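Novice: The structure's right below; bear with me while I get my questions together.
The values are calculated or read from the model by the stated rules, or taken from the named source; none is laboratory data. Values in this document were obtained by computation on a predicted structure and should not be read as measured data. Backbone-built Cβ (ideal geometry, glycine too); neighbour counts: all protein chains shown.
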Amino acid sequence: MNYPTDLSPEEQLRARARLAELAEQFTAKETLRTPAWREVFERTWRHPYVPAYYPDKDTPPVLCIDGPRRGEWLDTVYSDTTLITKLMPVPLSRSLRPAIGMTYTSSSTLPSLVLDMLEQLDVKDGHHVLEIGTGTGYNAALLCERLGSQYVTSVDIDPELVDLARERLAANGHTPTLAAVDGHTGYPPGAPYDRIIATCAVPTIPTAWLDQAAPGAVILTDVHGPLGGTLVRLTVDEHATATGRFVPHWAGFMTMRHDVEPSHPRWPVLELPATHSWTTIDPLTLNTHGLFGFIVQWHLPDVTHGRMTDDDGQPAVFLLAPDGSRAEVATTPTARGYLVRQYGPQRLWDRVEHAATFWNDQGRPSYERFGLTATPHHQYVWYDQPDGPHRWSLPRDQPAQ
């Protein structure tokens, strides 16, 4: 149900005041850096695009309908908060339908990050923009307010989200081009684009985006693997090669989906003999919000990462490669360090140790010292300079399944 979100005059004043307060905060923090985007932010309602949100996976949604929680809904919508707007069950498999749990499939990103990305996008009047990940439609609304609906194209894998966003945008005077398609393929009918912005994470830059980018175009997206990543801002040249640096801070989005229904990942686990060793690296530092995970990601671009219970019944972290190689590292330290078990032809934890050595030898550099170059045939992450000695190949871009 698409709940009505009309505000009373008193509620409108309250929301406008909150927008003005947030604009002041974002300007002071240099999230908002230009008058044009500040003006757009202050005049664009957020509440029509978020009539309900989920506090978490296990709590009923907070709705805009009249009642004791309406004030909570309005105050939260006009706060600098990411709001989960859609949950879906994760099936065990396509043949075994029972769900193994719920997962987030759409959200309204915290406004400070939305605005920071729009500022980085550096749009100019007359620019054609492709947004990957329509979601609620709020980001598209900001772009329409800034450029005009005729210059904005937005796509999402979920037809329900696209239909709702179309209704909400139209009710607020915006008519961008919207399509329910896999964002991996971009949207050829509207190409070429001067700007491409993605509010989902990708392991590599889709070749279709390079093909659909005009010379001089900017691509802004979250390049993220299981271990880490963050936003990268790329400029595309006349040969469809995109190069640029990662932003100085962590930011992350939901992973791009190629099906409406979320899937449960399956990993090959082979019965192989183990080698045992010890490490001084706390395996819990391999998390997707940490700088060390970001560094290790490029040394292990194709691994899966997660938590488990090891053969001794102790909590552990695992790394798993497509060929079945894996590492299991206990999270409880002993006098010798953390116990490591490695299986298969690759010694995955050895590569974590190599990444740590590199990072320490370079003085523990942060995100912005790294960049990415994407051509139609090859993509790699680099340190300091694209043609420098430290480069790590990314997996080849694969067509969406």
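Novice: Condition first: within 26 Å of Leu231 (Cβ to Cβ), among the small types (Gly, Ala, Ser) and touching an Asp or Glu at 6+ places or on another chain (Cβ under 7 Å). Can you find one or more residues in the range 388-401 that meet it?
Specialist: Yes, the conditions are met somewhere in the range 388-401.
Novice: Please work out which residue is surrounded by the fewest Cβ atoms within 10 Å (Cβ to Cβ), limiting yourself to the range 210-222 and to residues that are touching a helix residue (DSSP H, G or I) at 6+ places or on another chain (Cβ under 9 Å) and in contact (Cβ under 8 Å) with a residue 60 or more places away in the chain.
Specialist: This residue is Asp211.
Novice: If you check Thr82 against the conditions, is it under 17 Å from the mean Cα position of the chain (by Cα), more than 18 Å from Arg46 (Cα to Cα), at pLDDT below 95 and assigned by TED's automatic domain parsing to the domain that holds Pro189?
Specialist: No; evaluated as a whole, the condition is false for this residue.
Novice: Right, something else. Within the group Val155, Val162, which residue is assigned to a helix (DSSP H, G or I), within 23 Å of the chain's Cα centre (by Cα) and modelled with pLDDT of 95 or more?
Specialist: On inspection, the qualifying residue turns out to be Val162.
Novice: Within the range 331-378, can you find the residues that are of a type outside the set (Val, Ile, Thr), under 10 Å from Thr279 (Cα atoms) and either buried (at least 20 other Cβ atoms within 10 Å of the Cβ) or not assigned by TED's automatic domain parsing to the domain that holds Pro301 (or both)?
Specialist: Matches in the range 331-378: Tyr338, Leu339, Trp349.
Novice: While we're on this one: For the list (1) loosely packed, with under 15 Cβ neighbours inside 10 Å; (2) under 22 Å from the mean Cα position of the chain (by Cα), I need the number of the one condition that His276 fails.
Specialist: Of everything listed in (1) loosely packed, with under 15 Cβ neighbours inside 10 Å; (2) under 22 Å from the mean Cα position of the chain (by Cα), His276 misses just condition (2).
Novice: Please pick out the residue among Arg195, Arg168 that is over 30 Å from Thr285 (Cα atoms), in contact with a strand residue (DSSP E or B) (Cβ under 6 Å, 6 or more places away or on another chain) and modelled with pLDDT of 95 or more.
Specialist: Of the residues listed, the single one that is over 30 Å from Thr285 (Cα atoms), in contact with a strand residue (DSSP E or B) (Cβ under 6 Å, 6 or more places away or on another chain) and modelled with pLDDT of 95 or more is Arg195.
Novice: Scanning the range 319-330 for residues that are part of a loop (DSSP other than H, G, I, E, B) and closer than 22 Å to Val381 by Cα, which turns out modelled with the lowest pLDDT?
Specialist: Step by step, filter the range 319-330, then rank; the result is Pro322.
Novice: Looking at the range 251-270, is at least one residue at negative phi, in a strand (DSSP E or B) and at pLDDT below 90?
Specialist: yes
Novice: Does the range 24-56 hold any residues that are touching a residue at least 12 places away in the same chain (Cβ under 8 Å) and more than 27 Å from Leu164 (Cα to Cα), and which are they?
Specialist: Gln25, Phe26, Lys29, Thr31, Leu32, Arg33, Thr34, Ala36
Novice: Between Leu178, Leu121, which is crowded, with 18+ Cβ neighbours inside 10 Å, farther than 21 Å from Glu42 by Cβ and modelled with pLDDT of 95 or more?
Specialist: None of the others qualify; the one that does is Leu178.
Novice: Go over the candidates Leu169, Leu115 one by one and state the one that is more than 23 Å from His249 (Cα to Cα) and either assigned by TED's automatic domain parsing to the domain that holds Trp37 or surrounded by fewer than 24 Cβ atoms within 10 Å (Cβ to Cβ) (or both).
Specialist: Leu169
Novice: Additional query: Within the bounds of the range 305-312, is there any residue that is over 25 Å from His224 (Cα atoms), basic (Lys, Arg) and in a strand (DSSP E or B)?
Specialist: No; the residues of the range 305-312 include none that is over 25 Å from His224 (Cα atoms), basic (Lys, Arg) and in a strand (DSSP E or B).
Novice: Going by the structure shown, is Gly67 over 22 Å from the mean Cα position of the chain (by Cα) and either modelled with pLDDT under 95 or surrounded by 13 or more Cβ atoms within 10 Å (Cβ to Cβ) (or both)?
Specialist: Yes: the conditions hold for Gly67.
Novice: List the strands (runs of 3 or more DSSP E) that sit entirely inside the range 331-401 and contain at least 1 residues that are under 19 Å from Val247 (Cα atoms) and of a type in the set (Lys, Arg).
Specialist: By residue number, 391-393.
Novice: Is it the case that Pro365 is under 21 Å from Thr255 (Cα atoms) and not hydrophobic (A, V, I, L, M, F, W, C)?
Specialist: No.
Novice: Take Leu284 and decide whether it is over 23 Å from His390 (Cα atoms) and either touching a strand residue (DSSP E or B) at 6+ places or on another chain (Cβ under 8 Å) or surrounded by fewer than 18 Cβ atoms within 10 Å (Cβ to Cβ) (or both).
Specialist: Yes.
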